[in-house]
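Data block below; observations after.
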Amino acid sequence: MCGIVGYIGDKQAPPVLIKGLKRLEYRGYDSSGIAIINDSRIEVFKKQGKVAEMENLVLDADPQSSLGIGHTRWATHGSPNDINSHPHYSNSGRIAIIHNGIIENYASIKEGLLKRGYTFESETDTEVLVNLIEDVLLHTEVSLAEAVRIALNQVVGAYAIAVIEEGNNDQIVVAKKGSPLVIGIGTGEYYIASDATPFIEYTNQAVYLEEEEVALISLKKGLEIRTIANKLIRPYIQELALEIESIEKAGYDHFMLKEVNEQPKSIFDTLRGRLIVDKNNISINALNQYEKKFLNADRIVIVACGTSWHAGLVAEYLIEGLARIPVEVEYASEFRYRNPIITERDIVIAVSQSGETADTLSAIQLAKAKGATIFGICNVVGSSIAREAHIGAYTHAGPEIGVASTKAFTAQVTLFTLIAMSLAEKKGSISKKLYRKLIRELNAIPKKVQQTLNLDAQSKHIASVYKDVSNCLFLGRGINFPVALEGALKLKEISYIHAEGYPAAEMKHGPIALIDADMPTVVVAIKTEHYEKVVSNIQEIKARNGKIIAIVNDGDSVVSKIADHVIEIPEVDERLSPLLTTIPLQLISYHIAVMRGCHVDQPRNLAKSVTVE
Ligand code: F6R
């Protein structure tokens with residue numbers, strides 16, 4: 001993971017870098033640092049902890065510089081202390097580097113460097129890389145950019161790096177493989193960053209570096225891009241549509257709460273232009289284009305991680321149920337290492353909010369090599385997975401900054417609902433009546449999500465009752481089983497309460513042993529064909545003194561009598577229900593985490609974009 005930034009221009013670099021790093025803190029927040037060129041000399045400020053800690057060092061020293069690079073770290077090699085923080089110097093102190101990624105062959109490179117007399121302060125792979133570059137500089141008469149290019153030819157692994165050199169206050173050299181890097185082009189200034197959020201308030205002109213590209217960024221020479229094989233590349237400048245307001249908190253205490261409350265709009269944006277209500281139609285460009293492939297596919301394999309994997313599980317119910325195409329949902333990290341059987345008649349759908357998750361990216365690279373058609377469902381436009389896929393559709397949920405995924409999940413589920421309905425219609429496996437009914441109901445979803453959000457006070461009350469528990473169980477059946485998994489994941493990741501999600505009927509095969517008066521169970525108990533059975537499960541828990549928090553439909557008179565707490569949500573077709581049942585679970589987790597004093601937007605040990613295996 002990690003976030004990187006850089007600046008060269010006529011502004012003071014330190015405040016630009018620090019503001020940019022704060023925007024990228026979602027990528028990691030174990031430590032942070034900046035390196036600037038002050039009076040031709042490199043100065044480094046770095047510190048364990050959040051960017052604000054390092055900012056204090058910079059404010060005290062008040063260094064002047066119009067060129068610098070910065071880094072916020074999610075530790076991989078070496079613990080998160082000051083020494084392992086980036087930037088790292090070469091032995092001579094002549095160059096400094098920041099790095100997002102992992103150098104897999106760092107141990108063998110380090111061994112060679114140690115033999116040549118290099119010493120290392122930190123435990124990082126990055127310090128090895130900066131010394132490898134220095135070694136090239138010392139043994140050849142080449143420029144810094146050329147030395148970086150030559151050094152990277154010896155490197156196995158992933159990197160987005162930025163390098164600066166003492167005495168040269170007109171250049172930053174950057175390179176990318178496997179980790180994202182985007183260059184913002186302003187008037188008489190350049191920015192670099194892991195994504196566009198650090199510079200979008202200054203410029204919307206951007207160049208996304210491609211795999212194995214090295215760029216020299218210089219005010220005098222402009223932007224010069226080469227591949228690491230030394231082929232000159234013409235920069236492709238894109239105009240970004242991102243707006244600054246969408247990446248700020250807009251008066252909410254936390255990004256997570258803002259993003260939960262944005263769901264009526266983000267779902268609407270996912271539907272926009274695809275759900276054509278007056279024509280009773282659904283149109284997804286990528287599906288229309290690849291219609292034959294989809295209709296002739298042997299099966300669809302969905303690969304994803306975490307919350308996106310839960311969206312994939314919901315999709316399995318939707319696509320199999322409506323379009324009658326077999327679906328398999330795989331953890332990307334497992335899929336790629338078990339030599340999966342994939343053929344040209346398979347469609348592999350990668351689901352990823354960030355579009356940068358390393359396991360998901362590698363999974364589709366493997367499936368692509370085996371001939372499958374790759375369909376990407378990403379939120380971040382221009383992300384690596386979106387670019388690796390043959391075809392795809394964006395969720396259009398807008399930037400998600402809170403580490404816990406919320407609006408991205410409901411946007412993924414919304415898009416999968418559209419995909420399942422569209423495939424079903426193309427295959428003729430759905431009746432016209434049902435198709436039209438679902439179109440009408442989907443159209444009403446943003447309003448019903450808002451009604452569900454309006455029940456926040458109930459979630460807050462429930463949170464106040466259960467905020468001190470140590471364990472919590474989440475149950476659901478059918479299409480709401482993945483919602484139970486997602487509810488448990490939200491609670492554990494932001495409040496550090498141990499939580500498990502189960503299909504309600506599985507409870508009797510083990511988890512029921514955990515039930516006692518201290519163990520609350522959150523049950524999705526809306527009116528579906530499984531309703532009676534879920535009611536029986538609730539009775540079984542009550543008989544063992546367990547506490548029940550139930551998500552039910554408006555006017556439910558059965559569960560309300562036996563549960564300790566109910567949240568009544570609007571009625572909706574069962575197939576669309578995850579879009580509503582998820583909301584109270586997000587809110588309960590949010591309030592519990594706040595009441596426990598947890599860092600909701602940046603939970604410990606986590607990062608938003610997991611670009612390591
Ligand atoms: C949980 C969460 C993670 C991500 C997972 C995949 O709230 O955010 O579990 O869902 O790391 O990330 P993406 O979707 O970016 O591939």
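For the reader, a short list of remarks on this structure follows.
- Surface accessible to a 1.4 Å probe, per residue, for the residues of segment 250-453, Å²: 38
- Mean Cα-pair separation over length for segment 455-601, i.e. relative contact order, pairs under 8 Å, 6 or more apart, %: 31
- Taking amide hydrogens as placed 1.01 Å from N in the peptide plane, the amide H of Leu181 sits under 5 Å from those of Leu209, each at least 5 positions away in sequence or on another chain.
- Per residue, the accessible area of segment 1-160 comes to 37 Å², computed with a 1.4 Å probe over protein heavy atoms only.
- A simple rule links phi to the HN-Hα coupling: the Karplus curve 6.51 cos²θ - 1.76 cosθ + 1.60 with θ = phi - 60°, which for segment 195-206 gives 9, 6, 4, x, 10, 5, 6, 9, 7, 10, 8, 9 Hz, with x for Gly and Pro.
- Over the chain: helical MRE at 222 nm, DSSP H runs n ≥ 4 each giving -39500 (n - 2.57), nearest 500: -11000 deg cm²/dmol
- Separation in nanometres of the label points that stand 7 Å from Cα toward Cβ, at Gln12 and His461: 5.1
- Remark: segment 3-246 is approximated by an ellipsoid whose semi-axes, taken from the C-alpha gyration tensor as √(5λ), come to 24, 21, 17 Å, largest first.
- Taking the DSSP beta bridges with both ends in the chain, the antiparallel portion is around 60 percent.
- For segment 250-453, DSSP calls about 10 percent of its internal beta bridges antiparallel.
- Filtered chymotrypsin sites (Phe, Trp or Tyr not before Pro), segment 190-250: DSSP coil and at most 13 other beta carbons within 10 Å: Tyr236
- Taking Lys and Arg as +1 and Asp and Glu as -1, the other residues whose beta-carbon sits under 10 Å from that of His390 total +1.
- Å³ per residue enclosed by the Cα convex hull of segment 250-453: 109
- Surface accessible to a 1.4 Å probe, per residue, for the residues of segment 455-601, Å²: 37
- Under a 5 Å amide H cut-off, with hydrogens placed 1.01 Å from N, Glu571 pairs with Asp554 among residues at least 5 apart or on other chains.
- With the convex hull of the Cα atoms taken as the outline of the chain, the averaged projected area works out to 28.0 nm².
- Under 5 Å between amide hydrogens, built in the peptide plane, is the criterion, and for Ile282 it picks out Ile276 among residues at least 5 positions away or on other chains.
- Globularity ratio of segment 484-531, using Cα Rg and 2.2 N^0.38 Å: 1.22
- Expressed as a whole percent, the accessible surface of segment 250-453 that belongs to carbon and sulfur atoms is 49, based on a 1.4 Å probe.
- Highest mean first, the peptides 448-455, 588-595 sorted by other C-beta atoms within 10 Å per residue fall in the order 588-595, 448-455.
- Viscosity 1.002 mPa s, 20 °C: Kirkwood-radius Stokes-Einstein D of segment 455-601 over Cα pairs, µm²/s: 145
- 3J(HN,Hα) along segment 532-540: 4, 5, 5, 4, 4, 4, 5, 4, 4 Hz, from the Karplus curve 6.51 cos²θ - 1.76 cosθ + 1.60 with θ = phi - 60°, whole Hz, x for Gly and Pro.
- The phi-based Karplus calculation (6.51 cos²θ - 1.76 cosθ + 1.60; θ = phi - 60°) puts the 3J(HN,Hα) values of segment 31-37 at 6, 8, x, 9, 10, 10, 9 Hz, whole numbers, x for Gly and Pro.
The values are calculated or read from the model by the stated rules, or taken from the named source; none is laboratory data. Note that the structure is a prediction, hence the values are computed from the model and not measured. Neighbour counts run over all protein chains shown; Cβ positions are idealised from the backbone, glycine included. The accessibility values were calculated without ligands, DNA or RNA, using every heavy atom of the protein model including side chains. Shrake-Rupley method; radii C 1.70, N 1.55, O 1.52, S 1.80 Å.
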